[in-house]
Every structure is written in structure tokens, then in C-alpha cells.
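Working notes for the structure below.
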Amino acid sequence: MPVTGPDFLSLQVRDLDASRVFYERYLGLVRSPAGPPHAVVFDTAPIAFALRDVVPGTDLDALAQPGIGVALWMLATDTQAIHDALAADGHRIVSAPIDGPFGRTFTFADPDGYHVTLHDRG
């Protein structure tokens, strides 16, 4: 049986509660009632997105940037407002907003340094 595509994405984070608050506050994500105690699963569609405690043996502090080489893009309804809130609170903007084939697009670094790109046209 062939693979039909991505079904679940998660990021290992240093501080699960702080990362949960960040993603809820700035991206407006809502926690799903489902999920194990070592993770926060958000109610996202069509692909589930989660944060989880660091897996034993993983040292995020030893990496210049966690997730390097992986492109994580999320669809948002108002990328400019999210950008403005992140910038106003001093969070690192990796690439400034531009208008392109995927609409208004920008990339930020989350509390663990993962680069996340938001765009507003699916």
C-alpha cells in the first residue's frame, strides 16, 4: 500500500508549556483534547501539528538551529497581523513579509529556534 502523504508533524521543544503558550498566543492554535502527557497536540487540519518533550538522547542546545533543512509552512488567515505581533514582542523574524505566489508570506523563529513560514494563500 503506498504512502498517501504527511499525516502528523511534531517539534521537540525544551519547554513544552512555554512553547504551547507561544503557539496559542501568536498563531491562535487551539489545543486538542487528544494527546499523550508528553505532548501538546493542536486542533489543526488537514495535518495534525504537535509539540513534544525532547526525546531522550536529543540535545537541542548542541544544534545551531533545530530542524535545519526542513521547511515547515503553515496556512494563516492574517500573516501580517501575526508578523506584527511577533515583531512587537521582540521575536526573531527570519524573513520579512513579502507578497508572492503563496500570498503574504514571512518566516519567524519559534522559542526553540525552529523556522516556521506562514502564508495566507493555499
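At R0 = 30 Å, how high is the FRET efficiency between Leu63 and Ala87 if r is their beta carbon distance? Nearest 0.05 is fine. Intermediate results must be reported in sequence, preceding the final value.
On the way: r = 25 Å, r/R0 = 0.82.
Efficiency for this residue pair is about 0.75.
Could you check which residue among Thr58, Thr44, Thr77 shows the biggest mean-square fluctuation in a GNM of the chain with a 10 Å Cα cutoff?
Thr58
For the chain, compute Rg over Rh where Rg is the Cα radius of gyration and Rh is the Kirkwood radius from the inverse mean 1/r over Cα pairs.
0.96
If one computes P(r) from the Cα atoms of the stretch 1-68, what percent of pairs lie at distances over 13 Å?
Counting pairs separated by more than 13 Å, the tail of P(r) holds 68 percent.
FRET efficiency for Asp78 and Val55, Cβ-Cβ distance as r, R0 = 30 Å, nearest 0.05?
Computed FRET efficiency for Asp78 and Val55 comes out at 0.35.
Please state the relative contact order of the stretch 57-122 as a whole percent: Cα pairs under 8 Å, 6+ residues apart?
Values: 104 pairs, mean separation 23.8, N = 66.
Once normalised by length, the contact order is 36 percent.
Over the chain, with the other protein chains present, what is the accessible area per residue in square angstrom, probe 1.4 angstrom?
With the other protein chains kept in place, the chain gives 60 Å² per residue.
In whole percent, how big is the carbon plus sulfur part of the accessible area of the chain, probe 1.4 Å, protein atoms only?
Exposed carbon and sulfur together represent 57 percent of the surface.
Taking only C-alpha pairs under 8 Å that are 6+ residues apart, what is the relative contact order of the stretch 5-122 in percent?
23 percent
How far apart, in nm, are the 7 Å Cα→Cβ label points at Arg121 and Ala109?
2.9 nm
Which residues does a label at Asp15 reach in the stretch 96-118, if reach means a backbone N under 11 Å from a point 7 Å past the Cα toward the Cβ?
Flagged as within label range: 111-112.
The values are calculated or read from the model by the stated rules, or taken from the named source; none is laboratory data. Just so it is clear, the structure is predicted and the values come from calculations on it, not from any experiment. In this analysis, Cβ positions are derived from the backbone assuming ideal geometry, glycine residues included, and neighbour counts consider all displayed protein chains. These area figures cover heavy atoms from the full protein model, side chains too; ligands, DNA and RNA do not enter into them. Shrake-Rupley method; radii C 1.70, N 1.55, O 1.52, S 1.80 Å.
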